[in-house]
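Presented below is the structure to which this report refers.
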Amino acid sequence: MRRRDLLKAAPVLMAPAVARADTRPLRYIPNAALSAIDPIWTTALVAAIHGYLVFDTLYGIDAAGQLHPQMCSGHELSADKLTWTFTLRDGLLFHDGEKVLAKDCVQSLRRWGSRDSFGQVLMAATNELTALDDRRFQFRLKKPFSQMLYGLGVRSCFIMPERMAKTPSSEQVKEAIGSGPFKFLPNEWVSGASAAYARFDRYVPRQEKPSLYAGGKVAHFGRIEWTVQPDSATAAAALQKGEVDWVEQPLIDLCPMLRRSPGVVVAVHDPFGWGTILALNHLHPPFNNPKLRQALLHAIDQKQFVQSVIGDQSDLARLPSGYFCEGQPMSSHAGLEVLTRPRDLALAKKLVKESGYAGEKVVMLSPSDRPVYSQMSQVARALFVQLGLNVDFQQIDWGSLVSRRASQNPVEQGGWSTFNSALDGVTINNPGSNFALRGNGPKAWFGWPNDDKLEALRESWFDAPDVKSQKAIAEQVQLRAFETVPYIPLGQIFQPTAFRSNIQDIVKAAFPLFWGVRRG
């Protein structure tokens with residue numbers, strides 16, 4: 001092997017001493033209750049936020065889309081592009097005081113790669129993944145995999161101790177011990193109510209300025225305290241009174257009032273936005289019928305769904321939008337006319353009837369404590385009723401919905417037919433990372449579409465030699481998705497966040513990243 005591509009964002013030296021931690025806790029209201037502490041086992045947003053607090057990643061992507069070493073000092077790539085050798089930087093410790101070793105990374109990568117849709121492709125292309133010594137590990141591939149660093153730096157590829165990573169990915173780990181800037185405090189965790197984190201004083205941040213998932217992860221607060229508050233008005237009032245410092249997702253209807261409140265800032269820190277979606281269950285009637293799924297497209301009005309959330313705050317939306325994040329290289333309007341031409345309810349009702357729909361129950365799950373999804377669910381419910389569908393509208397809390405959506409049972413046995421959700425812009429950036437576009441049946445994301453052609457197109461995207469080729473394949477993926485409808489894109493929104501005016505230097509991302517943020 002010869003050195004071909006050793007990436008170094010900066011010399012790997014000990015970082016400058018970090019200022020004394022703020023002894024006043026950062027008080028935060030999350031978007032939902034933390035009911036699971038394993039961000040590999042679940043794709044729930046709140047678990048990912050928890051994951052980036054506790055765990056670290058080997059690489060990280062910045063706001064400009066560039067990938068940088070994070071836990072690694074760099075890597076070497078062989079001339080034939082089949083062997084990647086990674087080296088860990090100095091000073092990495094887990095929260096239990098044990099050194100981070102290459103074997104921990106190898107086992108964590110295997111666990112992540114068995115669960116994550118991006119990681120599964122990487123592992124399928126891997127001949128061997130081994131630890132060479134305490135600081136170096138190596139991928140030996142069957143074929144070149146140009147998206148290696150994207151997978152390690154974007155797809156929540158969290159590193160945990162080997163003993164934890166030996167837990168099958170189908171099971172949750174029972175601890176939350178990472179090597180990130182904050183330690184999880186399990187004795188203060190009340191599932192559904194609260195959680196707390198403490199600064200890990202032995203964490204050595206990189207020396208670069210933070211940008212998205214990359215750079216120096218400096219923890220300025222000694223403690224971060226999460227308190228769940230499902231009532232949006234109560235959360236807003238607590239922020240106005242200074243009882244909390246940060247409300248992750250204020251009700252958008254309340255944002256104009258919060259903007260006028262002394263000492264409160266409302267801002268959009270997410271440069272990518274969220275793709276709102278209508279998930280459909282492909283395993284059971286009625287949405288296992290592709291003709292019925294296609295019939296819905298003629299009635300779906302993205303503007304109506306988005307306006308139910310943002311009202312007249314049009315700057316918080318981007319329409320129309322397809323299966324990939326608008327404004328990013330893979331975005332396309334190929335096939336989008338099925339959603340942009342004038343809506344035709346009469347045609348949609350005719351196609352519903354022609355599909356063979358026979359009045360089967362449509363169990364629509366609506367989270368009572370997630371306003372964005374709840375409001376969109378009301379629009380979907382009204383539309384389905386107009387189309388003659390037999391809707392069983394069930395309002396439950398988001399934690400229960402997250403648990404229930406994993407059920408592959410028919411509706412008579414506690415299953416579901418549809419629910420509203422959203423995917424962050426980084427996730428829907430391309431065919432490789434958009435896990436909801438998988439077509440691998442029971443192993444796919446919730447809804448479990450089965451589409452061999454969609455899978456083949458996705459595989460070819462990974463092998464594409466350049467951005468032009470990747471974009472052409474992404475267009476084919478979108479065209480195919482509008483044929484088989486794995487889920488329905490409903491438009492792109494930008495969720496504001498709200499915080500006290502003395503909270504500064506929040507990293508711009510789709511969700512809160514607690515490094516860099518400080519009290520001014």
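The values are calculated or read from the model by the stated rules, or taken from the named source; none is laboratory data. Small disclaimer: the values here were computed from a predicted structure and weren't measured. Here the Cβ is made from the backbone with ideal geometry for all residues, glycine too, and neighbour counts use every protein chain on show.
Structure notes:
- The residues listed here are Lys143, Lys217, Lys209; of these, the one that is on the phi < 0 side of the Ramachandran plot, charged (D, E, K, R) and crowded, with 18+ Cβ neighbours inside 10 Å is Lys217.
- Unique match (being closer than 26 Å to Ala219 by Cβ, touching a strand residue (DSSP E or B) at 6+ places or on another chain (Cβ under 9 Å), in a helix (DSSP H, G or I) and not charged (D, E, K, R)) among Gly113, Gly51: Gly51
- Top-ranked residue in the stretch 385-402 [being touching a residue at least 40 places away in the same chain (Cβ under 8 Å) and either in contact with a Leu (Cβ under 8 Å, 6 or more places away or on another chain) or of a type in the set (S, T, N, Q) (or both); ranked as surrounded by the fewest Cβ atoms within 10 Å (Cβ to Cβ)]: Gln386
- Only one of Pro496, Pro486 that is closer than 25 Å to Pro431 by Cα and either crowded, with 20+ Cβ neighbours inside 10 Å or touching a helix residue (DSSP H, G or I) at 6+ places or on another chain (Cβ under 6 Å) (or both): Pro486
- Criterion applied to Lys81, Lys103 was being charged (D, E, K, R) and assigned to a loop (DSSP other than H, G, I, E, B), and the one residue passing it is Lys81.
- Only a single item in (1) more than 30 Å from Tyr59 (Cβ to Cβ); (2) buried (at least 17 other Cβ atoms within 10 Å of the Cβ) is not met by Pro256, and it is number (2).
- Criterion violated by Gln120 - all others in (1) part of a strand (DSSP E or B); (2) under 15 Å from Gln147 (Cβ atoms); (3) of a type in the set (S, T, N, Q) satisfied: (1)
- Every residue from the stretch 181-206 that is surrounded by 18 or more Cβ atoms within 10 Å (Cβ to Cβ) and over 23 Å from the mean Cα position of the chain (by Cα): Ala198, Arg199, Phe200, Tyr203, Val204, Pro205, Arg206
- Lone unmet requirement of (1) aliphatic (A, V, I, L, M); (2) at pLDDT below 95; (3) more than 26 Å from Tyr373 (Cβ to Cβ) for Leu26: (2)
- Residue match in the stretch 25-45 (condition: more than 26 Å from the chain's Cα centre (by Cα) and either assigned by TED's automatic domain parsing to the domain that holds Trp189 or not in a strand (DSSP E or B) (or both)): yes
- When residues of the stretch 366-384 are limited to those that are among the aliphatic types (A, V, I, L, M) and closer than 27 Å to Ala193 by Cα, the one surrounded by the most Cβ atoms within 10 Å (Cβ to Cβ): Met376
- Against the numbered list (1) crowded, with 17+ Cβ neighbours inside 10 Å; (2) over 30 Å from Thr234 (Cβ atoms); (3) more than 19 Å from the chain's Cα centre (by Cα); (4) not aliphatic (A, V, I, L, M), Phe324 comes up short only at (3).
Each row is one residue, and each column tells you yes or no for (1) in contact with an Asp or Glu (Cβ under 9 Å, 6 or more places away or on another chain); (2) among the polar types (S, T, N, Q); (3) without any contact (Cβ under 8 Å) to a residue 12 or more places away in the chain.
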site: Thr42; (1), (2), (3): no, yes, no
site: His68; (1), (2), (3): yes, no, no
site: His75; (1), (2), (3): yes, no, no
site: Leu82; (1), (2), (3): no, no, no
site: Asp90; (1), (2), (3): no, no, no
site: Phe94; (1), (2), (3): yes, no, no
site: Leu101; (1), (2), (3): yes, no, no
site: Glu128; (1), (2), (3): no, no, no
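Listed here are the residues, each with its yes/no results for (1) at pLDDT below 95; (2) part of a strand (DSSP E or B); (3) surrounded by 20 or more Cβ atoms within 10 Å (Cβ to Cβ); (4) not assigned by TED's automatic domain parsing to the domain that holds Ala317.
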| position | (1), (2), (3), (4) |
| --- | --- |
| Trp416 | no, no, yes, no |
| Ala436 | no, no, yes, no |
| Lys453 | no, no, no, no |
| Pro465 | yes, no, no, no |
| Lys471 | no, no, no, no |
| Ala481 | no, no, yes, no |
| Pro512 | no, no, yes, yes |
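- Residue within the stretch 268-289 that is without any contact (Cβ under 8 Å) to a residue 60 or more places away in the chain and in contact with a His (Cβ under 9 Å, 6 or more places away or on another chain) present: yes
- With respect to the conditions (1) surrounded by 17 or more Cβ atoms within 10 Å (Cβ to Cβ); (2) in the same structural domain as Lys209 (by TED's automatic domain parsing); (3) out of contact with any Gly (no Cβ under 9 Å at 6 or more places or on another chain), Lys508 falls short on a single one, namely (1).
- Restricting Arg89, Arg163, Arg111 to those that are in contact with a Cys (Cβ under 9 Å, 6 or more places away or on another chain) and among the charged types (D, E, K, R) reduces the list to Arg89.
- Checked against (1) under 30 Å from Thr227 (Cβ atoms); (2) crowded, with 17+ Cβ neighbours inside 10 Å, Met148 passes all but condition (1).
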